[in-house]
Amino acid sequence: MTAALELRGVAKTYPPPTTVTALSDVDLTVTAGETVAVTGASGAGKSTLLSILGTLERPTAGTVRIAGTDTSTMSDPQLSAVRAWHIGFVFQQFFLLDHLTVLDNVATGLVYRGMPAAARREHATRALERVGLAGRMRHRPAQLSGGERQRVAIARAVAGRPAVLLADEPTGNLDTANGREIVRLLASLGDTTVVLITHNAAVAGAMGRQIRLEDGRIVDDSGGAA
Ligand code: ADP
């Protein structure tokens, strides 16, 4: 089976004046449908790893394959297309637009695919049903709880059925009960590959695989085979 994500010998050194080595010699293979938690102390390289997996940053060495395709020779517009078609992002802050309805917040995420408005709304409706918010489509973000807002953000990320969902501390702004709901949702996305950063052991434990970073290297991997 083709790996959903594959890193080989990946390193990331930020340029002077800082010249910080954020990642060193990272090999990681994530198969389609896997759910992976990335843990590690602050500064260990988690966000850098997620940015590289999401093609938001380029590595200084090594290769990044998304669904079998090597991204190293791609131009920036080609990488934008990879993100628009294959990758969804969820963050600790929900980044919803307050002046738009829930439905339009989700539909707007599909603009980068060049999809007509009616199709965008159709996909957005399906995604909101998937996250259990069919009854909130006409609400504004301010009328929702934190957990519901994060579900809208997840609906936006998965509306285009990306192969991969990358989440940076998706439960960081939520109480325990809402956090648990979000984790249950992320773990139940079926064939979507999920990689999430978390400081919460319960969240990490709910994922199928746990990897831990220390000083820019993978020091533990419950999946092991990478
Ligand atoms: P984590 O997400 O685990 O806290 P990061 O990936 O954010 O770790 O950071 C790893 C290291 O790289 C840290 O030492 C951080 O200060 C450094 N770093 C992150 N982003 C930048 C940047 N844009 N420029 C310079 N150094 C950076």
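The values are calculated or read from the model by the stated rules, or taken from the named source; none is laboratory data. Note that this is a predicted model, so its numbers are computed, not measured. Cβ coordinates were reconstructed from backbone atoms using ideal geometry, including for glycine residues, and neighbour counts include every protein chain displayed. Surface accessibility is based on the protein's heavy atoms, side chains included, excluding ligands, DNA and RNA. Shrake-Rupley method; radii C 1.70, N 1.55, O 1.52, S 1.80 Å.
Solvent-accessible area of Asp25, all protein chains in place: 100 Å² (probe radius 1.4 Å, heavy atoms, ligands and nucleic acids excluded). Its residue count N fixes a reference of 2.2 N^0.38 Å for the chain, and the Cα radius of gyration divided by that reference is 1.00. Note on surface exposure: His86, His199 rank His199, His86 by accessible area, highest first, 1.4 Å probe.
Which of these, Ala153, Ala67, Ala202, has the largest mean-square fluctuation under a Gaussian network model of the chain (Cα springs below 10 Å)? In this elastic network of the chain, the residue with the biggest mean-square fluctuation among Ala153, Ala67, Ala202 is Ala202. Report, to the nearest 10°, how far helix 146-158 tilts away from the longest principal axis of the Cα atoms in the chain, using its own Cα long axis and a range of 0 to 90°. With rounding to tens, the tilt is 70 degrees. The residues of the chain expose on average 47 square angstrom of accessible surface per residue, using a 1.4 Å probe on protein heavy atoms. Counting only DSSP beta bridges with both residues in the chain, tell me the antiparallel percent, nearest 5. Bridges in the chain that DSSP calls antiparallel: roughly 50 percent. Accessible surface of Arg184, taken over heavy atoms with a 1.4 Å probe and every protein chain present, rounds to 140 Å². Contact order, relative form, for the chain: 29 percent (alpha carbon pairs under 8 Å, 6 or more residues apart, mean separation divided by residue count).
What number comes out for the charge environment of Gly40, summing +1 per Lys or Arg and -1 per Asp or Glu over other residues with Cβ under 15 Å away? Net charge in that neighbourhood comes out at -1.
Within the range 1-78, the ratio Rg/Rh, alpha carbon atoms throughout and Rh by Kirkwood, equals 0.97. Name the most mobile residue of Thr71, Thr192, Thr18, meaning the one with the largest mean-square fluctuation, in a Gaussian network model of the chain with Cα contacts below 10 Å. Maximum fluctuation in the GNM of the chain, among the listed residues, is at Thr18.
Using a 1.4 Å probe on the protein heavy atoms, what percent of the accessible area of the range 1-147 belongs to carbon and sulfur? With neighbouring chains kept in place, the figure for the range 1-147 is 55 percent.
Given the DSSP H assignment, sum -39500 (n - 2.57) over each helix run of at least 4 residues in the chain and divide by its residue total; what's the result at 222 nm in deg cm²/dmol, nearest 500?
One gets -9500 deg cm²/dmol as the mean residue ellipticity at 222 nm.
How tilted is helix 176-187 with respect to the longest principal axis of the chain? Cα atoms for both, answer in degrees (0 to 90, nearest 10). It works out to around 80 degrees.
Summing Cβ point charges (Lys, Arg +1; Asp, Glu -1) relative to the Cα centre of the range 67-226 gives a dipole of roughly 660 debye. With the simple model of a label 7 Å out from the Cα in the direction of the Cβ, Asp191 to Asp221 spans 2.5 nm. Compared with the dominant Cα axis of the chain, that is its longest principal axis, helix 117-130 is turned about 80°.
Result for the chain in a Gaussian network model with C-alpha springs under 10 Å: among Gly88, Gly54, Gly68, the largest mean-square fluctuation is at Gly68. Relative contact order for the range 104-226: 20 percent, from Cα pairs under 8 Å spaced at least 6 residues apart, divided by residue count.
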